Amino acid sequence: MLNEAITQLERLLRLHPGAEWLVQAQQRLDAAEDLLSELTLLSAMARRKLGKQRLSNQPCLLQSPAGTLDIAAWSNGDAGRVLLILYAIRLERLATPDLVTRLYRLGDADERAVIVSALALFGSGEALRNLALDCGRSNSLALFAALAVHNPYPSRFYTEHEFNQLVLKALFIGVSIEGVQGLMERVNPELSRMCEDYLEERLAAGREFPADIWLALWPFASPEGERRLLEYASGVDPRQRYNAILALRNSLVAKPESAQLLAGLREREQDPQLRKLIGQSMQY
């Protein structure tokens, strides 16, 4: 998979004006006596040489040992940085966890974020979990989002407790959990209970709560949790209705009774887009 990722990134970047610099950078890594120092320098240069333009306007998928990673939202510079890291890993002159962790420690905020978003590609599995957990404790919204959103690493390598804490923190700080990869596979009774507790705390305080909470609350909801979901699924806020419908749709296999609840919501829903979403859900 490492070679496939390198080849795909090279193909994506080969028509970029900075492609010649990227080839030169790979040659410098080949010749480097101190691989980490050279990689650190080149990583810092990558964004300036390759730019901040979005890599692709279409889904752009890389396969990793942890699952599929969509890198379309990366910048060209970020893709170049990851390519150079993968290239350095292939040179096998430093153990992968050591190389990635040291590069992360030396990088600026942008470099750290792209390293974390690419953890699944580096092939070291649980050996990089401490780095991921450190990132998850960060106060940086961008860094946390790089870990939590569209990143297969946490779903594959986090313990249940670690994954639950990631989802709860995302809800607390306003990072959409709709983008948490593998959420429906990792949702568990404890996470649903924690979400119910958080919801009730917010309601008791008369405060708003994140509309996407239903995605983690529903699959193992208590009778009271189900009542709350159906209340907001029929409420005035379209964001709440959308997320409640999505939660029901996502759980159709694990919780077949969701189909009957969706049918009831369809009869009452007036928004044509949400009615369409319900109809699509019932075709699953």
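A few notes on this one:
- Ala254 being under 27 Å from the mean Cα position of the chain (by Cα), among the hydrophobic types (A, V, I, L, M, F, W, C), within 26 Å of Glu190 (Cβ to Cβ) and at pLDDT below 95: yes
- Among the residues of segment 102-127, the one identified as more than 15 Å from the chain's Cα centre (by Cα), closer than 13 Å to Arg47 by Cα and of a type in the set (A, V, I, L, M, F, W, C) is Ala109.
- Only a single criterion out of (1) at negative phi; (2) without any contact (Cβ under 8 Å) to a residue 24 or more places away in the chain is not satisfied by Gly206, namely (1).
- Scan of segment 124-168 for residues that are in a loop (DSSP other than H, G, I, E, B), surrounded by fewer than 16 Cβ atoms within 10 Å (Cβ to Cβ) and among the small types (Gly, Ala, Ser), ordered by number: Ser140
- Filter pass, Ala216 being in contact with a Cys (Cβ under 8 Å, 6 or more places away or on another chain) and among the aliphatic types (A, V, I, L, M): yes
- Verdict on Arg28 being farther than 22 Å from His150 by Cα and free of Cβ contacts under 8 Å to residues at least 12 places away in the same chain: no
- Scanning segment 97-123 for residues that are small (Gly, Ala, Ser), crowded, with 21+ Cβ neighbours inside 10 Å and either in contact (Cβ under 8 Å) with a residue 60 or more places away in the chain or not in a helix (DSSP H, G or I) (or both) turns up just one, Ala118.
The values are calculated or read from the model by the stated rules, or taken from the named source; none is laboratory data. Quantities reported herein were computed from a predicted structural model and do not represent experimental measurements. With ideal geometry, Cβ positions are generated from the backbone for all residues, glycine too; neighbour counts draw on all protein chains shown.
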